[in-house]
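Step one of this worksheet: look at the structure below.
The values are calculated or read from the model by the stated rules, or taken from the named source; none is laboratory data. The structure displayed is predicted, hence computed values, not measured ones. Every residue, glycine among them, receives a Cβ derived from its backbone with ideal geometry; neighbour counts consider all protein chains shown.
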Amino acid sequence: MAAVDTNRNSNWAIEDSLDELCQLVATAGATVVGRIIQKLHAPARNSYLGKGKLDELIEMKKELDYNLVIFDDELSPIQQRSLEEALGVKVIDRVALILDIFAKHANTREGQLQVELAQMQYLLPRLAGQWSHLERLGGGIGTRGPGESQLETDKRIVRTKIRNLKEHLDEVIIHRELYRERRRMRGVPVVSLVGYTNSGKSSLLNAVARTDVLAENKLFATLDPTTRRLYINGLGNVLLTDTVGFIRKLPPAIVKAFRATLEEINQADLLVHVVDITAKNAFEQCQTVEKILTDMGVADKPRLTAMNKIDLKLDTNRSWTEEEALNLLKAECPVAENTVLISAVKRWGLTELNLMLKEKLISMGFNPGYAVYDEIGEKKEQ
Ligand SMILES: Nc1nc2c(ncn2[C@@H]2O[C@H](COP(=O)(O)OP(=O)(O)OP(=O)(O)O)[C@@H](O)[C@H]2O)c(=O)[nH]1
Ligand SMILES: [Mg+2]
């Protein structure tokens, strides 16, 4: 793994960013054998790294025998090309790695279409420099290769592909179960779980709705939104949706490809931001989530925050009841308004979360005693 530290890399320490990249690499199924960091004002135009560092990286190959180098930031096509030439191995960047994970985890038709769309969005601006290495070679083979006109053709092909994928997605979305359910249950509040990847959204959905959504210690375990019905005492049914996790350095064009999640969040009445309080960069993760929600134009939607994984904060030498754990942690870190401490895995704090959901939704105008539906979706009068 390689990174340039420009001192403008936001609040994340470069090492932390590489730790996260390391997790992404593991999720993609590769093994990290080494990392290299260079301090520069700005990445070098062509080789991204400075000459000395690049030589060091080439030298490292003898010892580490790596066959892939992953850069923590976006590479231009020219940078990628010249690095591949210099290193003699495949070179990719963080976004390409994330897209690879998405592709691996997409298992519904809609998920696959979304990933393909994201890949095309990633490819389009990169086509520009695709042939430049041929031009640099001067006469001979390169000059007979694809030139500017080929580039235009390629761009047209990718654009057509993007259009087709979008049309295809429109069709798939119409059939999505969620919409059927929502139509059937008109007037029922919709709550979306949002948060950084691996914060525990799927685990929380499983805990409150007693379902069996895949929850894994992997980044981007969830790609497709899943909706479950939750019955809250004194209120009624609520639809709760799990969505794709957020991560830093994900270009907006790629985020936009995840339409299912975006629509889900856009249509939600209330967002529950799930935070992994044990993450080293929990604060920065919250900032990233905040930024993405702002970019999506939903930052001012009503919101609750669930501080998750509190069980990991406790002394493991003894056992804890829910009450003991909550009392201790509340005393240690008083939480802000609209915030609740939970452990999705231990099912702690869920009563309080339910209560908070109920009060929030009632304050938003959802009346207790609105239509309640039975298992097959028939309306029952209360
Ligand atoms: N100890 C502990 N682990 C938890 C808790 N909640 C979730 N986890 C673990 O954290 C990991 C990620 O959980 P998920 O529920 O898959 O997280 P997610 O937010 O859905 O992740 P993505 O779908 O990848 O965005 C899993 O290994 C869970 O078992 C918790 O309350 N306590
Ligand atoms: Mg998940």
When Pro77 is evaluated against the numbered criteria (1) exposed (fewer than 15 other Cβ atoms within 10 Å of the Cβ); (2) in contact with a Pro (Cβ under 9 Å, 6 or more places away or on another chain), which criterion, by number, is the only one it fails?
(1)
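Does Thr31 count as polar (S, T, N, Q), surrounded by 17 or more Cβ atoms within 10 Å (Cβ to Cβ) and touching a helix residue (DSSP H, G or I) at 6+ places or on another chain (Cβ under 8 Å)? Please lay out each step first, then the result.
Numbers: polar (S, T, N, Q): yes; surrounded by 17 or more Cβ atoms within 10 Å (Cβ to Cβ): no; touching a helix residue (DSSP H, G or I) at 6+ places or on another chain (Cβ under 8 Å): yes.
For Thr31, the condition - polar (S, T, N, Q), surrounded by 17 or more Cβ atoms within 10 Å (Cβ to Cβ) and touching a helix residue (DSSP H, G or I) at 6+ places or on another chain (Cβ under 8 Å) - is not met.
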So Val244, is it within 26 Å of Leu75 (Cα to Cα) and either outside the structural domain of Ser17 (by TED's automatic domain parsing) or more than 15 Å from ligand 1 (Cβ to nearest atom) (or both)
yes
Residues that are in contact (Cβ under 8 Å) with a residue 24 or more places away in the chain, closer than 26 Å to Met364 by Cβ, away from ligand 2 (no atom under 13 Å from the Cβ) and not in a loop (DSSP other than H, G, I, E, B): does region 275-283 have at least one?
yes
From the list Ala42, Ala3, which residue is in contact with a helix residue (DSSP H, G or I) (Cβ under 7 Å, 6 or more places away or on another chain), touching a residue at least 24 places away in the same chain (Cβ under 8 Å) and of a type in the set (A, V, I, L, M, F, W, C)?
Ala3
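Taking region 308-329 on its own, how many of its residues are outside any helix (DSSP H, G or I) and aliphatic (A, V, I, L, M)?
Taking region 308-329 as the starting set, the residues that turn out to be outside any helix (DSSP H, G or I) are 308-309, 314-321.
With aliphatic (A, V, I, L, M) added as a condition, the list becomes 314.
Of the residues in that region, 1 qualify.
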Taking Glu264 and the conditions (1) of a type in the set (D, E, K, R); (2) in a loop (DSSP other than H, G, I, E, B); (3) within 16 Å of ligand 2 (Cβ to nearest atom), which numbered condition does it fall short on, given that it satisfies the others?
(2)
Residue satisfying all of: in region 199-240; surrounded by fewer than 19 Cβ atoms within 10 Å (Cβ to Cβ), in contact (Cβ under 8 Å) with a residue 60 or more places away in the chain and part of a loop (DSSP other than H, G, I, E, B); nearest to ligand 2 (Cβ to nearest atom) among these
Lys218
